[in-house]
Amino acid sequence: MTTDTPAQIEALLAENRTYPPAKAFTEQANINDPKVYAEADADYLAFWEKAAENIDWFQRWDRVLDWDCPWAKWYVNAQLNASYNCLDRHLAKNGNKRALIWEGEPGDTRTLTYADMAREVQRFANGLKSIGVQKGDRVAIYMGMVPELPIAMLACARLGAPHSVVFGGFSPDSLADRINDAQAKVLITQDGSWRRGSIVPLKQNADAAVANTPSIEKVVVYQRVGEKANIQWNADRDIWWHDLVAGQSDQCPAEPVDSEHMLYILYTSGTTGKPKGIVHTTGGYMVGTNITSKWVFDLKDTDLYWCTADIGWVTGHSYVVYGPMSNGVTQLMYEGAPDTPDKDRFWDLIEKHGVTILYTAPTSIRQFMKWGTEYPEKHDLSSLRLLGTVGEPINPEAWVWYNEVIGHGKSPIVDTWWQTETGAIMITPLPGVTTTVPGSATVPFPGVFAQIVDDQGNAVPTGKASGYLTLTRPWPSMFRTIFNDPDRYVQTYWSKFPGKYFTGDGAKQLENGYYAIIGRVDDVLNVAGHRIGTWEVESALVDSGDVAEAAVVGLDDVIKGQSIAAFVTLKPGVEADEQERTKLKQHVVKKIGAIARPEQIIFTADLPKTRSAKIMRRLLRDIAQGRVLGDTTTLADPAVVNELKQKYESMGATE
Ligand code: PRX
């Protein structure tokens, strides 16, 4: 592991531009008094108890927290239902309020009120019941960005059936692995989804996956694309969504579940092994996502909120579905690509609907910068009043561009640090309180406690060296375990620094105590804000049959933050040529999905290793980054790596 500070963070540490909240914003902000921090510090359980008042409970808790590190129970013995909190409780006052304004990529639109959502969710929940889904059963969901995706999730939550949403860009193999790990009983998918004018063949992929998933009894298929989607039908197993809900009652009472009942599993990449099934439970997760939505995004009844994340990732779970909907907000949901039909689609949507809050990823911002200011400048973006980012470190240059070109200097920016595991935002400005610094996520949310530590677990003093980012106290929306693998939960997150949660990120505190997140310090890559384990890509390469050994590292990428470089040793007799490169890249896409496609494949006779046969990734990163050998194309000569290997081994390198 390394916590080397990249140049980008050095630039941030020299950053002296500060952006205090504007008076006009502060005056209207949901939170504008900094005393919330001191109050939460003084008694964090009292803080989280008060936060829980924003959720409707069927039965109140006996205690706020039972903590037997690393095992947490929040709001002990309380009962609630997540779907009830996102829907039913809004109906009396806000039934006719718009919940979702949806835009399909081809330009079709739909609007669903909270009453519409409640009706559709209940009909679909009854449909799921009719095919045998019961409390506790896992339901896999593999869909595009259509309203039926949150409807399906909320229907599962209504029954107490944990959902496992798999991002629609994942391959059939990835889908099958996740279904098998969760032992899901039903898969919900759609015929196809629109992306950049093409059809994403979700049903075809689902068919290929389900061929290897014995636990799946039924596949529910939502019809989005129609005849253009070239699909096969298995009459014993497949059922159209519209047939399933036909004739179903729109009354399906929300099942009261225990606070610690599993709400969902979401798979994410780790350092080694297959993706981990991150388990979130109901009570604490709802409290955490609800209050962070309200405080960080300053949600008001009049807002039109837009989080551009795909619901297949945690950002969509927490900040499209559970956080915003439990706040009864009106939101925009968009199906397709930001450059379809042209590179101004986002700005067009913001102007058309009057979006007030935009939450997106640094990768997208850097892409927009590259496309040029003429695209946002074509549109009236004056409705925007708050901007957010998530998923990866944002470089100050992109932050300032976002502020000036999109926010016209009048919208605070909330750079929010968190993870699939944390469930909700952990380090973030509060827009009516915090003076922001470009590139820094600033300070922990009230009631959250972070600490940067060195290798021995000792706190690193503020303004000094970088170190490992840990969280020192439990928080309500924390994941509770890894599905079916509690040992891995303990090992991965709670063993390196006993008593503290290890995030896997490196960080540094600025002189004023603000946090600068450096990024992953383990073998997890962050490509365009998507987490990918080096091990997953390496196994996909080896799986091709042509590869004897592979090592994958991340390269700095000006748009995507990181891209993937693979060092590959081919089996004897396999030609190291351009054709083989293409073949291997395609194989990775087939095994994992397009997000994992290696940018570079470097053939080498050998990989540099330590005496204990550990691949020297740091060296490979240097080589791939051109820091050791200059132009990486020189690496086509395998002798170069051999030479390095000898050189480094003779130096007794131990990484
Ligand atoms: O490295 C951090 C980075 O994204 C990782 C978590 O990825 P994932 O579980 O997929 O969740 C992404 C969306 C919450 C973290 O370990 N990360 C996330 N937000 C930020 C960030 N890095 C820097 N700044 C952020 N605001």
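Filter the stretch 217-269 down to residues that are assigned to a loop (DSSP other than H, G, I, E, B) and of a type in the set (A, V, I, L, M), then give me how many there are.
So the answer is 6.
Identify, please: which residue in the stretch 404-460 is within 13 Å of the ligand (Cβ to nearest atom) and among the aromatic types (Phe, Trp, Tyr) and is, among those, nearest to Val287 (Cα to Cα)?
Ranking the qualifying residues of the stretch 404-460, first place goes to Phe445.
I need the full set of residues from the stretch 444-482 which are aliphatic (A, V, I, L, M), part of a strand (DSSP E or B) and within 22 Å of Tyr44 (Cβ to Cβ), in order please.
Selection gives Ala450, Ile452, Val453, Ala459, Leu469, Leu471.
Quick check on Gln491: is it without any contact (Cβ under 8 Å) to a residue 60 or more places away in the chain, surrounded by fewer than 21 Cβ atoms within 10 Å (Cβ to Cβ), of a type in the set (S, T, N, Q) and more than 11 Å from the ligand (Cβ to nearest atom)?
Yes, satisfied.
Taking the stretch 497-510, which residues are on the phi > 0 side of the Ramachandran plot and away from the ligand (no atom under 14 Å from the Cβ)?
Matches in the stretch 497-510: Gly499 only.
For Arg531, which of the numbered conditions (1) more than 13 Å from the ligand (Cβ to nearest atom); (2) in contact with a Ser or Thr (Cβ under 7 Å, 6 or more places away or on another chain); (3) charged (D, E, K, R) fails to hold?
The failed condition is (1).
How do the pairs read when you match residues in the stretch 92-107 that are under 18 Å from Glu120 (Cβ atoms) with residues anywhere that are assigned to a loop (DSSP other than H, G, I, E, B), using Cβ under 6 Å and keeping only pairs 6 or more apart or on different chains?
Within 6 Å, the pairs are Asn94/Gly328; Leu100/Pro147; Trp102/Pro147; Gly104/Glu335.
Condition first: basic (Lys, Arg) and buried (at least 18 other Cβ atoms within 10 Å of the Cβ). Can you find one or more residues in the stretch 379-389 that meet it?
yes
Can you find a residue in the stretch 271-285 that is at pLDDT 95 or above, among the aliphatic types (A, V, I, L, M) and not in a helix (DSSP H, G or I)?
Yes, the stretch 271-285 has at least one match.
What's the number of the only condition in (1) within 14 Å of the ligand (Cβ to nearest atom); (2) of a type in the set (D, E, K, R); (3) at pLDDT below 95 that Asp310 fails to meet?
Single failed check for Asp310: (3).
Of all the residues that make up the stretch 366-396, how many are in a loop (DSSP other than H, G, I, E, B) and more than 13 Å from the ligand (Cβ to nearest atom)?
The qualifying residues number 10.
Identify the single condition in (1) part of a strand (DSSP E or B); (2) more than 14 Å from the ligand (Cβ to nearest atom) that Gly513 does not satisfy, given that it satisfies every other one.
(1)
Under the condition of being charged (D, E, K, R) and not in a helix (DSSP H, G or I), which residue from the stretch 19-59 is nearest to Thr428 (Cα to Cα)?
Result: Asp33.
The values are calculated or read from the model by the stated rules, or taken from the named source; none is laboratory data. The structure presented is a predicted model; accordingly, all values stated were derived computationally and were not measured. Reconstructed Cβ throughout: ideal geometry from the backbone, glycine too, with neighbour counts over all protein chains shown.
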